[in-house]
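The values are calculated or read from the model by the stated rules, or taken from the named source; none is laboratory data. None of these values were measured; they are calculated from a predicted model. Quick reminder, even Gly has a Cβ in these numbers, built from the backbone with ideal geometry, and neighbours come from all protein chains shown.
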Amino acid sequence: MAHRQAQDTRRKRPSSAKKSGFGTREIFALTAPGFEEALADELRDLGLSGRSEKGGIAIQGGEGALRDICLLSRIASQVRVRVARGRVENLDDVARVVRAGPWKQFVHPTQPLRVSVSVTGSRFRHRPRVAKKVELAIKDALRGPRLPGPKPPRDEAVVHVRLAEGKLIASIDATGDPLYKRGWRTDVARAPIRENLAAAILRLADWDPGTPLVDPMCGSGTFPIEAATISLGRAPGASREFAFERFPSHDAAAMKKARAAAGVEALDVSAPIVGGDREEGAILAARKNAKRAGVLPRIELIQTTFHELEPPAETGLVVVNPPYGERVGARSKVGAIYRDFGKVMKERWSGWKIAILLPSPRHTGALDLPVEEVAAFKNGSLPVTLFVGRIP
């Protein structure tokens with residue numbers, strides 16, 4: 001079942017693919033495995049639909065769709081444009097398939113290239129040889145007059161090649177820095193969660209900007225800050241640049257117009273958003289990050305324990321990324337923390353919804369709250385599971 005929420009991406013935006021500088025291609029929006037459904041739901045809110053694959057969604061679109069994803073998607077981590085694909089049995093096939101792609105639309109003739117290769121179930125074992133073959137094939141495809149456009153950039157074009165079961169897909173990176181890098185988080189607490197994962201969790205918990213939100217263990221403030229930018233209509237990519245803006249086919253005028261129009265409407269600024277943490281350093285980091293994000297007045301950040309934190313409303317969403325064994329120094333402490341937390345929730349937060357990350361489903365017993373598993377993913381290198389429920 002699709003999970004939907006009234007975020008800034010909820011407003012329908014017609015695809016502008018027809019105005020694209022490179023025509024219609026397959027665009028692959030990546031996210032953390034486990035969040036494909038949340039990303040597909042968000043893209044549908046943008047007027048984009050596609051095919052779910054492990055780790056992302058493949059859609060047909062042009063630069064207009066690419067702009068929408070990079071500027072407005074909160075859940076995507078990266079976007080690639082698939083330039084060449086075909087069946088291959090040897091290196092000569094690799095060169096032939098890659099050379100046939102319309103690389104002049106995406107790479108300047110003198111632009112540095114970096115090729116990464118992933119191999120799954122394929123006879124191609126020597127990845128450096130494949131990468132070199134791909135680089136030479138792209139350079140062959142770039143021979144002749146270049147497309148009119150901006151001066152060739154010094155930044156390298158990053159090409160990703162995937163070989164699996166005799167099939168090759170060659171894609172070009174369209175984002176540069178990952179999309180979860182919103183530009184505001186430089187101060188971090190222990191075990192921070194990435195911004196796009198926080199956004200996916202809020203969506204899967206069906207949070208909307210009119211609902212109070214509390215994070216009682218907020219660390220450097222990712223959940224409250226992401227929620228505040230949503231409620232204020234701040235487009236996550238509006239203040240940064242992307243790799244596709246260096247494509248020879250890039251429509252700079254259309255991008256300037258789209259960036260100016262992105263995220264100009266606040267959705268709801270009345271429901272409280274609260275972050276609490278027992279560590280003074282964490283609250284100081286959260287305040288600095290919130291200030292950089294331009295949302296500090298929208299958030300209440302309090303140095304306190306979850307035992308002392310008061311509910312700011314009769315109901316809302318508690319979202320929490322509690323300590324795991326690696327974060328508290330001893331796995332034996334984890335069960336005690338979860339039992340204590342669950343007890344406080346039942347005593348003081350009755351009627352609130354809860355979204356909580358746990359390192360293992362077995363910890364739901366210690367938590368003793370009626371929660372259901374919604375998604376499993378990795379936070380950094382640690383496998384975690386998202387549970388959502390209603391506090392009785």
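Only residues that are surrounded by 15 or more Cβ atoms within 10 Å (Cβ to Cβ) and either of a type in the set (Val, Ile, Thr) or modelled with pLDDT under 95 (or both): list them for region 306-318, please.
Selection gives Val318 alone.
Suppose we filter Leu66, Leu136, Leu71 for residues that are more than 25 Å from Asp251 (Cα to Cα) and touching a residue at least 40 places away in the same chain (Cβ under 8 Å); which single one remains?
Leu136
Can you pull out every residue in region 114-136 that is over 25 Å from the mean Cα position of the chain (by Cα) and closer than 20 Å to Pro153 by Cα?
Passing the criteria: Glu135, Leu136.
Taking the options Glu89, Glu53, name whichever one is acidic (Asp, Glu), under 23 Å from the mean Cα position of the chain (by Cα) and surrounded by fewer than 14 Cβ atoms within 10 Å (Cβ to Cβ). Lay out the reasoning, then the answer.
Values: Glu89 fails: under 23 Å from the mean Cα position of the chain (by Cα).
None of the others qualify; the one that does is Glu53.
Of the residues Arg129, Arg154, only one is in a loop (DSSP other than H, G, I, E, B) and over 30 Å from Pro311 (Cα atoms); which?
Among Arg129, Arg154, only Arg154 is in a loop (DSSP other than H, G, I, E, B) and over 30 Å from Pro311 (Cα atoms).
Exactly one condition in (1) assigned to a loop (DSSP other than H, G, I, E, B); (2) at negative phi; (3) in contact with a strand residue (DSSP E or B) (Cβ under 7 Å, 6 or more places away or on another chain); (4) surrounded by fewer than 24 Cβ atoms within 10 Å (Cβ to Cβ) is not met by Gly34; state its number.
Of (1) assigned to a loop (DSSP other than H, G, I, E, B); (2) at negative phi; (3) in contact with a strand residue (DSSP E or B) (Cβ under 7 Å, 6 or more places away or on another chain); (4) surrounded by fewer than 24 Cβ atoms within 10 Å (Cβ to Cβ), only one is false for Gly34: (2).
For region 102-109, check the following and say yes or no: at least one residue is under 20 Å from the mean Cα position of the chain (by Cα), surrounded by fewer than 20 Cβ atoms within 10 Å (Cβ to Cβ) and not hydrophobic (A, V, I, L, M, F, W, C).
Looking for residues that are under 20 Å from the mean Cα position of the chain (by Cα), surrounded by fewer than 20 Cβ atoms within 10 Å (Cβ to Cβ) and not hydrophobic (A, V, I, L, M, F, W, C), one finds none in region 102-109, hence no.
Given the options Val334, Val319, name the one that is hydrophobic (A, V, I, L, M, F, W, C) and either more than 29 Å from the chain's Cα centre (by Cα) or under 24 Å from Ile230 (Cβ atoms) (or both). Full working, then the answer.
Values: Val334 fails: either more than 29 Å from the chain's Cα centre (by Cα) or under 24 Å from Ile230 (Cβ atoms) (or both).
Within the list Val334, Val319, the selection yields Val319.
Suppose the filter is under 22 Å from Ile201 (Cα atoms), part of a helix (DSSP H, G or I), assigned by TED's automatic domain parsing to the domain that holds Ala227 and in contact (Cβ under 8 Å) with a residue 12 or more places away in the chain; does Phe306 pass it?
no
Take the residues of region 192-210 that are within 9 Å of the chain's Cα centre (by Cα) and over 18 Å from Glu373 (Cβ atoms): which is surrounded by the fewest Cβ atoms within 10 Å (Cβ to Cβ)?
For region 192-210, the residue satisfying everything is Arg194.
Sort through Thr364, Thr315, Thr385 and tell me the only one that's in contact (Cβ under 8 Å) with a residue 40 or more places away in the chain and hydroxyl-bearing (Ser, Thr, Tyr).
Thr315
If the requirement is being in contact (Cβ under 8 Å) with a residue 24 or more places away in the chain, closer than 30 Å to Asp173 by Cβ, touching a Gly at 6+ places or on another chain (Cβ under 9 Å) and surrounded by 17 or more Cβ atoms within 10 Å (Cβ to Cβ), which of these qualifies: Ala227, Ala282, Ala243, Ala271?
Ala243
Suppose we filter region 132-166 for residues that are under 13 Å from Phe247 (Cβ atoms), surrounded by fewer than 14 Cβ atoms within 10 Å (Cβ to Cβ) and modelled with pLDDT of 90 or more; how many remain?
Summing the residues that are under 13 Å from Phe247 (Cβ atoms), surrounded by fewer than 14 Cβ atoms within 10 Å (Cβ to Cβ) and modelled with pLDDT of 90 or more in region 132-166 gives 1.
Sort out for me the strands (runs of 3 or more DSSP E) sitting completely within region 44-108 that have 2 or more residues that are of a type in the set (A, V, I, L, M, F, W, C).
Numbers: elements: 50-53, 56-61, 78-87.
Output list reads 56-61, 78-87.
Within region 285-303, track down each residue that is crowded, with 22+ Cβ neighbours inside 10 Å, part of a loop (DSSP other than H, G, I, E, B) and modelled with pLDDT under 95.
Result: Val295, single match.
Against the condition modelled with pLDDT of 95 or more, in the same structural domain as Arg99 (by TED's automatic domain parsing) and either assigned to a strand (DSSP E or B) or aliphatic (A, V, I, L, M) (or both), how does Ile169 come out, does it pass?
yes
Can you say whether Leu113 is surrounded by 14 or more Cβ atoms within 10 Å (Cβ to Cβ), touching a residue at least 40 places away in the same chain (Cβ under 8 Å), in the same structural domain as Arg87 (by TED's automatic domain parsing) and closer than 17 Å to Ala170 by Cα, as far as the supplied structure shows?
yes
Among the residues of region 348-365, is there at least one that is surrounded by 14 or more Cβ atoms within 10 Å (Cβ to Cβ), more than 29 Å from the chain's Cα centre (by Cα) and in a helix (DSSP H, G or I)?
Yes, because at least one residue in region 348-365 is surrounded by 14 or more Cβ atoms within 10 Å (Cβ to Cβ), more than 29 Å from the chain's Cα centre (by Cα) and in a helix (DSSP H, G or I).
Among the residues of region 196-209, count how many are modelled with pLDDT under 95 and either more than 16 Å from Asp45 (Cβ to Cβ) or not in a loop (DSSP other than H, G, I, E, B) (or both).
Summing the residues that are modelled with pLDDT under 95 and either more than 16 Å from Asp45 (Cβ to Cβ) or not in a loop (DSSP other than H, G, I, E, B) (or both) in region 196-209 gives 0.
Applying the selection to region 22-40, what residues are closer than 17 Å to Ala199 by Cβ and touching a helix residue (DSSP H, G or I) at 6+ places or on another chain (Cβ under 7 Å)?
Residues satisfying the conditions are Ala29, Thr31, Ala32, Phe35, Ala38.
Counting only residues that are among the charged types (D, E, K, R), over 17 Å from the mean Cα position of the chain (by Cα) and assigned to a strand (DSSP E or B), which one in region 366-391 is farthest from Leu39 (Cα to Cα)?
Arg390
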